[in-house]
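Just below is one structure, and these are the notes that go with it.
Laboratory data are not the source of any read-out in this text; all were calculated from the coordinates shown. For clarity, every value in this text was computed on a predicted model and none was experimentally measured. With ideal geometry, Cβ positions are generated from the backbone for all residues, glycine too; neighbour counts draw on all protein chains shown.
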């Protein structure tokens, strides 16, 4: 397991009520059965909305999550590269809050 995946697991497990699971075969964390973060291609992926979504997407190398790789990105999900791992905890908290509403 990579350092990035270990960090993902630590951050995800730290969110209130989070349970590990799978999203499109990728490791994720869910709250009330709804995924809010996952790990894909050494990046953490967050379900976000509003200004925090725009801020995450504006990070260099960030992109909409396209798990199939077929040009069908998921509009609420932002894949944030490990270069921004210092921001992963805040983004995970925002994603947890968004999904847990």
(request) Apply the Kirkwood formula to segment 3-99: the hydrodynamic radius equals the inverse of the mean of 1/r over all pairs of different alpha-carbon atoms; give it in Å with one decimal. (result) 12.9
(request) Could you work out how far the C-alpha centroid of segment 5-21 sits from that of segment 62-101, in angstrom? (result) 14
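So what is the relative contact order for segment 3-99, in percent, with contacts set as C-alpha pairs under 8 Å and at least six apart? Write down the numbers at each step before the final one.
Numbers: 161 pairs, mean separation 26.2, N = 97.
It rounds to 27 percent for segment 3-99.
If neighbour count is taken as other Cβ atoms inside 10 Å, put 72, 96 in order from fewest to most. Don't skip to the end; give the middle numbers.
Working: 72 9, 96 23.
With the sparsest Cβ surroundings first, the list reads 72, 96.
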(message) If each residue of separation counts as 0.36 nm, what is the full-extension length gain between residue 85 and residue 7 once their alpha-carbon separation is subtracted?
(response) 27.2 nm
(request) Would you mind ranking 38, 28 so that the residue whose beta carbon has the fewest other beta carbons within 10 Å leads the list? (result) 28, 38
(request) Per DSSP H run of at least 4 residues, take -39500 (n - 2.57); add these up for the chain, divide by its residues and hand me the 222 nm value, nearest 500 deg cm²/dmol. (result) -9000 deg cm²/dmol
